[in-house]
Amino acid sequence: MPRDVPERVAVDGDRLWRSLMELAKIGAYDDAQTGLRGVSRLALTDADADGRRLLVSWMKAAGLTVRVDAVGNIYGRRAGSEQDARPVLIGSHIDSVASAGAFDGCLGVLGGLEIIRTLNERGVTTRRPLEIVAFSDEEGVRFGTDMLGSAVAAGRIALEDAYALKDADGLSFGEELTRIGFAGPHGVRLNPPPHAYLECHIEQGPLLVRSGTDVGVVTGTQGISWQEILVYGRAAHAGATPTEMRIDAGLFAAEIVRHLRDMVESGDFGKLRATVGHLSLHPGDTNIVPARARLTVDLRNPDEDEMVRAEEHLARYLDGLQGVQDGLRITARRMARTSPVAFNARLQAIVTREADSLGLTHAVLMSGAGHDAQEMAAVCPAVMIFARGEYDGISHSPREYSTAESCARAIDLLAATALKLADEE
Ligand code: HGY
Ligand code: MN
Ligand code: MN
């Protein structure tokens, strides 16, 4: 490593924390159930647009060359001494779910920015360029497909298919991206691909905090399967309709929810996790037997074969359930599907070595959540670092919390890893 490039730098944890809290003000709301301030910055909403604009202003203030691509991914590049060398890309997302905290995704993007700010202060020029990215619509909760921006950048989803995705109000991704002014002029594919991709993220689970471990070295992500299930029954009067005459869509929807938990608890599908995050009845009135039910099914499995078996079992179950009563109809539509992804072993070894050098205790673990890194792994060596979450690592909730110290520790490790990789031939 050239003399003027340090092995590692200590980032300014207070400045990082201030940036996280500043961004969290955008889309902030009072969560009635928890009594806490939550964050809601769904992809391509006005709140997301405000967050994007704040990030761009910070990137420019840090001297980065900013570019926005056609799917709205925001890149900020810091030149290296070898201008044309492939960059080390550091990223995540700043869109959120509807009941988020301040850290999911934002730590990875603002942590990358903090590294840039620190290198600027230290007057350090790396060999390779460093680039930060905020990918569009990682959460997928509005337009129905997660990791969208990174999947388009990696070529798994075509840009026109992303543009055509619609939200519950029939607004398309493409229209909304244009409306908020982030349909950028740059091509979406990463050609040439980055030298490496690094992502720091809160664990969003209990392992680090329960074991008292500082950081996580992430081995990969598990498979994800999202489906929308529609149950068509028949509207009828709640009082006058004899029970045997009813085709109660709500009853069959409840049976599906129960069956999914039975599948998990049976142990027949490995380490399957199943979630019905959305369940709505139509018309939804007190005195009408539900005509229709809409539910979303989120399946997760670290083993692809077990995931396929679970999907096939569910399809057979739904087919059988439909035959239970004349007039009942059940449909299923795939929304999103990714297989388990293993992160680069060499990069994991570098993260582990740097964690040791920093005196950080570390655990090796697979991610329970999906991340942009799983898409980037298709185009370049990729690895993730987990920061410890508090309160059992709860996430996708206003309860989501990490400490300034946990965040700074993880970003110090991200910085050390990035410096190593940015100095490689
Ligand atoms: O759903 C996930 O795993 C991620 O939060 N998008
Ligand atoms: Mn995330
Ligand atoms: Mn998330």
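The values are calculated or read from the model by the stated rules, or taken from the named source; none is laboratory data. Note that the structure is a prediction, hence the values are computed from the model and not measured. All Cβ positions, even for glycine, are placed from backbone atoms using ideal geometry, and neighbour counts span all protein chains on display. Remember, those area values only see protein heavy atoms, side chains included, never the ligands or the DNA or RNA. Shrake-Rupley method; radii C 1.70, N 1.55, O 1.52, S 1.80 Å.
Taking the criterion of being touching a Lys or Arg at 6+ places or on another chain (Cβ under 9 Å) and open to solvent by less than 20 Å² (accessible area, probe 1.4 Å), the residues of region 383-406 that qualify are V383, A387, G393, P398, S402, S406. The one condition from (1) more than 26 Å from D161 (Cβ to Cβ); (2) among the polar types (S, T, N, Q); (3) surrounded by 14 or more Cβ atoms within 10 Å (Cβ to Cβ) that N287 does not meet is (3).
L64 meets the conditions (1) under 21 Å from the mean Cα position of the chain (by Cα); (2) open to solvent by less than 20 Å² (accessible area, probe 1.4 Å) in every case but one. The failed one is (1).
Scanning region 85-133 for residues that are open to solvent by 10 Å² or more (accessible area, probe 1.4 Å) and in a helix (DSSP H, G or I) yields R117, N120, E121, R122.
Quick one: how many residues across region 327-353 are in contact (Cβ under 8 Å) with a residue 12 or more places away in the chain and over 25 Å from the mean Cα position of the chain (by Cα)?
The initial filter retains those residues of region 327-353 that are in contact (Cβ under 8 Å) with a residue 12 or more places away in the chain, namely 327-344, 346-348, 350-352.
Within this subset, residues satisfying the condition of being over 25 Å from the mean Cα position of the chain (by Cα) are 327-331.
Going through region 327-353 one residue at a time, the tally reaches 5.
Within region 224-276, the set of residues being more than 18 Å from T296 (Cα to Cα), open to solvent by less than 70 Å² (accessible area, probe 1.4 Å) and aliphatic (A, V, I, L, M) comprises A235, A236, A238, I247. The strands (runs of 3 or more DSSP E) falling completely within region 305-393 that include 3 or more residues that are assigned by TED's automatic domain parsing to the domain that holds A168 and more than 29 Å from Q227 (Cα to Cα) map to 362-367. When restricted to residues that are away from ligand 1 (no atom under 16 Å from the Cβ) and either within 26 Å of G277 (Cα to Cα) or acidic (D, E) (or both), region 211-237 contains 8. Assess whether E82 counts as being part of a loop (DSSP other than H, G, I, E, B), touching a residue at least 40 places away in the same chain (Cβ under 8 Å) and touching a Lys or Arg at 6+ places or on another chain (Cβ under 7 Å). Taking the combined requirement at face value, the residue satisfies it. For V9, the test of being open to solvent by less than 60 Å² (accessible area, probe 1.4 Å) and within 21 Å of D372 (Cα to Cα) is failed. Listed by position, the helices (runs of 4 or more DSSP H) inside region 139-241 whose residues that are within 16 Å of ligand 3 (Cβ to nearest atom) number at least 2 are 148-154.
Results for (1) of a type in the set (D, E, K, R); (2) away from ligand 2 (no atom under 16 Å from the Cβ); (3) within 24 Å of L20 (Cα to Cα), shown as yes or no for each residue.
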| site | (1), (2), (3) |
| --- | --- |
| A62 | no, yes, yes |
| V66 | no, yes, yes |
| G80 | no, yes, no |
| G108 | no, no, yes |
| R122 | yes, yes, yes |
| S136 | no, no, yes |
| E139 | yes, no, yes |
| S150 | no, no, yes |
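Filtering region 368-383 to residues that are over 13 Å from E138 (Cβ atoms) and within 15 Å of ligand 2 (Cβ to nearest atom) leaves G368, A382.
For region 143-201, the set of residues classified as in contact with a Leu (Cβ under 8 Å, 6 or more places away or on another chain), crowded, with 19+ Cβ neighbours inside 10 Å and polar (S, T, N, Q) consists of T145 only.
So, of the residues in region 357-382 that are away from ligand 1 (no atom under 13 Å from the Cβ) and within 15 Å of the chain's Cα centre (by Cα), which turns out to be surrounded by the fewest Cβ atoms within 10 Å (Cβ to Cβ)? Filtering region 357-382 for residues that are away from ligand 1 (no atom under 13 Å from the Cβ) and within 15 Å of the chain's Cα centre (by Cα), the one surrounded by the fewest Cβ atoms within 10 Å (Cβ to Cβ) comes out as A377.
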